[in-house]
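**Student:** Sharing a structure, written as structure tokens. Questions coming.
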Amino acid sequence: MGIVSHGFRGRARRTDQRLPPGQYETRDFPVLSAGPTPRVSREDWEFTITAETGKPHSWNWAELTALPSESPTVDLHCVTKWSKFDTAWEGVSLDVLLADVPTEADFALVSSYGGYTTNLPLEDLRHGRAWIAYRYEGGDLPPEHGGPARLLVPHLYLWKSAKWVHGIRLLRQDQPGFWETAGYHDYGDPWREQRYQGD
Ligand SMILES: Nc1nc2c(c(=O)[nH]1)N[C@H]1C(S)=C(S)[C@@H](COP(=O)(O)O)O[C@H]1N2
Ligand SMILES: [Mo]
């Protein structure tokens, strides 16, 4: 009860609805890396999707950036509890890349230059929900945030968005990645607060 401005209540509600449980909003863009930032030139950069048959499908920088791109604006949710709203990216949808890769696999293991890995169901890379992103807020993606290119899969906690992405292996059986092996949740849905194994 009491006097509360409708405008304030409206704003508060809208922000709450965008903030998953246990998260707070930040306007910074923190850098979280498990090791040093790998320096990969665009000339040397290559991205490979390897089907469960072992057949590789590769794109170099010119080939990737010649594909039709999308410009998603998305909210990011890090397991360390910060969320950042309305981040603007440009990249190639995984739907476009996977269209060239016949597969019956159910799982994906993403790997990065530098050795980082993370896993997710292949389905979560489809349906306009995942991109190989190479531009951020109108500029080249900075190296500390994963440039030349990173996976962007914003409906899951940000550790699934592998920086310096190098390849994706399609697998018949789930295989945990770096943080998942260390006790983080296998799936990592921020709305169900799936931070750690057992959540
Ligand atoms: N290759 C690689 N990708 C990574 C990481 C990493 O250490 N190495 N950290 C992950 C984690 S835990 C988070 S929260 C986000 C952080 O992305 P940012 O540094 O752009 O904020 O990247 C994810 N992708
Ligand atoms: Mo993280």
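**Student:** Which pairs do you get when a residue that is closer than 9 Å to residue 131 by Cβ, found in the range 152-164, comes within reach of a residue that is among the basic types (Lys, Arg) and near ligand 1 (Cβ under 10 Å from one of its atoms), reach meaning Cβ atoms under 7 angstrom, with the pair 6+ apart or on two chains?
**Tutor:** From the range 152-164, the pairs are 153/160.
A quick yes/no check of all residues on (1) surrounded by 15 or more Cβ atoms within 10 Å (Cβ to Cβ); (2) under 17 Å from residue 93 (Cα atoms); (3) within 14 Å of ligand 1 (Cβ to nearest atom); (4) over 15 Å from the mean Cα position of the chain (by Cα):
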| site | (1), (2), (3), (4) |
| --- | --- |
| 162 | yes, yes, yes, no |
| 165 | yes, yes, yes, no |
| 174 | yes, no, no, yes |
| 178 | yes, no, yes, no |
| 184 | yes, no, yes, yes |
| 190 | yes, no, yes, no |
| 199 | no, no, no, yes |
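**Student:** If you go through the range 5-22 one residue at a time, do you hit one that is part of a loop (DSSP other than H, G, I, E, B) and modelled with pLDDT under 95?
**Tutor:** Within the range 5-22 (the criterion being part of a loop (DSSP other than H, G, I, E, B) and modelled with pLDDT under 95), the answer is yes, since at least one residue qualifies.
**Student:** Further question on the same structure: For residue 87, all conditions in the list (1) closer than 23 Å to residue 121 by Cα; (2) within 14 Å of ligand 1 (Cβ to nearest atom); (3) of a type in the set (Ser, Thr, Tyr) hold save one; what is the number of the exception?
**Tutor:** Condition (1) is where residue 87 drops out.
**Student:** Within the range 172-199, track down each residue that is free of Cβ contacts under 8 Å to residues at least 24 places away in the same chain and among the basic types (Lys, Arg).
**Tutor:** 192
**Student:** Can we say residue 117 is under 18 Å from residue 46 (Cα atoms), touching a residue at least 60 places away in the same chain (Cβ under 8 Å) and away from ligand 1 (no atom under 15 Å from the Cβ)?
**Tutor:** Details: under 18 Å from residue 46 (Cα atoms): yes; touching a residue at least 60 places away in the same chain (Cβ under 8 Å): yes; away from ligand 1 (no atom under 15 Å from the Cβ): no.
Considered against the rule, which asks whether it is under 18 Å from residue 46 (Cα atoms), touching a residue at least 60 places away in the same chain (Cβ under 8 Å) and away from ligand 1 (no atom under 15 Å from the Cβ), residue 117 comes out as no.
**Student:** Looking at 149, 105, which one is surrounded by 16 or more Cβ atoms within 10 Å (Cβ to Cβ) and within 19 Å of residue 46 (Cβ to Cβ)?
**Tutor:** Sole residue among the options that is surrounded by 16 or more Cβ atoms within 10 Å (Cβ to Cβ) and within 19 Å of residue 46 (Cβ to Cβ): 149.
**Student:** Taking the condition of being hydrophobic (A, V, I, L, M, F, W, C) and within 22 Å of residue 178 (Cβ to Cβ), how many residues in the range 94-131 meet it? Let's see the steps before the verdict.
**Tutor:** Step one: of the range 94-131, the residues hydrophobic (A, V, I, L, M, F, W, C) are 94, 96-99, 101, 105, 107-110, 120, 122, 125, 130-131.
Pick out the ones that are also within 22 Å of residue 178 (Cβ to Cβ) and you get 94, 105, 107-110, 120, 122, 125, 130-131.
Total satisfying the criteria: 11.
**Student:** May I ask you to list the residues in the range 110-149 that are touching a Ser or Thr at 6+ places or on another chain (Cβ under 6 Å), within 16 Å of ligand 2 (Cβ to nearest atom) and under 16 Å from residue 92 (Cβ atoms)?
**Tutor:** Within the range 110-149, 110 is the sole residue that qualifies.
**Student:** Return yes when residue 123 is farther than 23 Å from residue 158 by Cα and not aliphatic (A, V, I, L, M) and no when it is not.
**Tutor:** no
**Student:** Could you please give the count of residues in the range 54-102 that are β-branched (Val, Ile, Thr) and part of a loop (DSSP other than H, G, I, E, B)?
**Tutor:** Summing the residues that are β-branched (Val, Ile, Thr) and part of a loop (DSSP other than H, G, I, E, B) in the range 54-102 gives 3.
The values are calculated or read from the model by the stated rules, or taken from the named source; none is laboratory data. Since the model is a prediction, treat every value here as computed from it, not as a measurement. Cβ atoms come from the backbone with ideal geometry, glycine included; neighbour counts cover every protein chain shown.
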